[in-house]
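Working notes for the structure below.
The values are calculated or read from the model by the stated rules, or taken from the named source; none is laboratory data. This one's a predicted model, so the numbers in the text were calculated from it and none came from an experiment. Backbone-built Cβ (ideal geometry, glycine too); neighbour counts: all protein chains shown.
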């Protein structure tokens, strides 16, 4: 084994180790993860919230036992592969072993450690962006058309994982027009590769058409409820925080793209970053949407620094900077402190705006952390209510949101299959069963209204229990029990499904 290979494997091994070390047992899976895991039980070419790749991965996770460690291994793997692609990008650009180590350090000790803790489309999204750029660099360097077709396949995988990768191409195309690489647009293999990509994503496009393009409805809802609270200045500020320890390397890469002669064929990457960030800023995108941009620029910067900086002591300092600056990030950006500890000392989190949720208000915990507690408790209380029902087969468990339904289905020991009118669950109701009883999981603020509206429709109704974890985003969520319906529940549910879809 060569020294180069040994160092690469050491970085990958450290990556996996840190992914498990930087989260304590007080935290469960994240709200979104439960939805994605449930999608593995309903395979399709598309979903209301995401394209199909995540569901395929969820199916694999289920086949491997569906344990939390398996769930966390998947994004960790994508993070490790991102380091590998960055390393290979440095080699493709002619960088030294030192440049490989610098780029790997910058990639490892960054926000990717947090991103790669969660089973969401984001980890694979970053990997696809990085690989997309790597294939383009490889083509520019070699002119071998296989890299163009590889680019098409990676784009298709990225698209079927998260539509966000369209913004990568949206940045690259005008950037090509601004540089001599515009000649790429005269290459027939570019269009054949584009046709290949279209064929690969076509099943999802057909699914979108057949289902009245739910992605457009999802984007509109996202814009109205979440993106409207995104401040453009905050978006740009958070870009600096994501790779704080690698900022000097990224800047070096951008400078090198303009001034370093060996980088002149790749100058389009300078314009691509500016254009892509401008598009994201204009659309008030969430800050993490842009994370996939940066790894390739760390490769450029590491190669440039490796070529220009010769002093051994300074090289050592540059490798240590990402590690040292990661320490304050480690203190606040990872779930390594209990909710009680965070609530007792909110200052560091508040200064960085981490306590601000999508509603634009500050809370006790960062929103992501609050979305990782209270779920097992909720599932246990629903299980207890379900066990008390006279006929479980005729009992519908109806929740307010996808996080509740997904967590209940994941943790339930009673075989509960909860649903909701929220997200993809609206397509997963089993109306072949004749329901007579209802377990309703409802926001605590609507407790009184729920009893007034639903109670009269049943012979018996009461609030059985509620989530007591005050640090959970689901704190106070109430489990209602309604028995012996006076109406036809199936007809009522079918009508509401139609109204929601409309």
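You will find that of 302, 285, the residue that is surrounded by 17 or more Cβ atoms within 10 Å (Cβ to Cβ) and not in a helix (DSSP H, G or I) is 285 and no other. Taking the options 70, 60, name whichever one is assigned to a helix (DSSP H, G or I), closer than 14 Å to residue 410 by Cβ and without any contact (Cβ under 8 Å) to a residue 40 or more places away in the chain. The match here is 70. Against the definition (surrounded by fewer than 22 Cβ atoms within 10 Å (Cβ to Cβ) and not in a helix (DSSP H, G or I)), how does residue 144 come out, yes or no? It is true that residue 144 is surrounded by fewer than 22 Cβ atoms within 10 Å (Cβ to Cβ) and not in a helix (DSSP H, G or I). Based on this model, can you work out whether residue 368 counts as surrounded by fewer than 21 Cβ atoms within 10 Å (Cβ to Cβ) and over 25 Å from residue 62 (Cβ atoms)? Answer is no for this residue. The residue that is farthest from the chain's Cα centre (by Cα), counting only those in the stretch 384-398 that are surrounded by fewer than 20 Cβ atoms within 10 Å (Cβ to Cβ) and over 16 Å from residue 485 (Cβ atoms), is 388. Is there a residue being surrounded by 16 or more Cβ atoms within 10 Å (Cβ to Cβ) and under 24 Å from residue 379 (Cα atoms) anywhere in the stretch 1-13? There is no residue in the stretch 1-13 that is surrounded by 16 or more Cβ atoms within 10 Å (Cβ to Cβ) and under 24 Å from residue 379 (Cα atoms). Checked against (1) within 24 Å of residue 198 (Cα to Cα); (2) in contact (Cβ under 8 Å) with a residue 60 or more places away in the chain; (3) crowded, with 21+ Cβ neighbours inside 10 Å, residue 123 meets all criteria but (2). Just to verify a result, which residue in the stretch 202-244, among those that are at pLDDT below 75 and not in a helix (DSSP H, G or I), is farthest from residue 278 (Cα to Cα)? Among those residues, the one meeting the criterion is 226.
I'm trying to understand the selection: among the residues of the stretch 178-201, which are part of a helix (DSSP H, G or I), without any contact (Cβ under 8 Å) to a residue 60 or more places away in the chain, more than 23 Å from the chain's Cα centre (by Cα) and surrounded by 12 or more Cβ atoms within 10 Å (Cβ to Cβ)? Matches in the stretch 178-201: 182, 184, 189, 190, 191, 192, 193, 194, 196, 198.
For the stretch 331-351, filtered to residues that are surrounded by fewer than 17 Cβ atoms within 10 Å (Cβ to Cβ) and touching a residue at least 40 places away in the same chain (Cβ under 8 Å), the residue that is nearest to residue 26 (Cα to Cα) is 338. Looking only at the stretch 258-281, filter to residues that are more than 30 Å from the chain's Cα centre (by Cα) and assigned to a helix (DSSP H, G or I); which one of those is farthest from residue 305 (Cα to Cα)? Among residues in the stretch 258-281 that are more than 30 Å from the chain's Cα centre (by Cα) and assigned to a helix (DSSP H, G or I), the one farthest from residue 305 (Cα to Cα) is 265.
Of everything listed in (1) farther than 22 Å from residue 31 by Cα; (2) touching a helix residue (DSSP H, G or I) at 6+ places or on another chain (Cβ under 7 Å); (3) surrounded by fewer than 21 Cβ atoms within 10 Å (Cβ to Cβ), the single unmet condition for residue 322 is (3). Residue 450 passes every criterion in (1) more than 15 Å from residue 381 (Cβ to Cβ); (2) more than 34 Å from the chain's Cα centre (by Cα); (3) buried (at least 16 other Cβ atoms within 10 Å of the Cβ) apart from (2). Can you spot a residue in the stretch 486-501 that is closer than 17 Å to residue 395 by Cβ and surrounded by 19 or more Cβ atoms within 10 Å (Cβ to Cβ)? Yes, the stretch 486-501 has at least one match.
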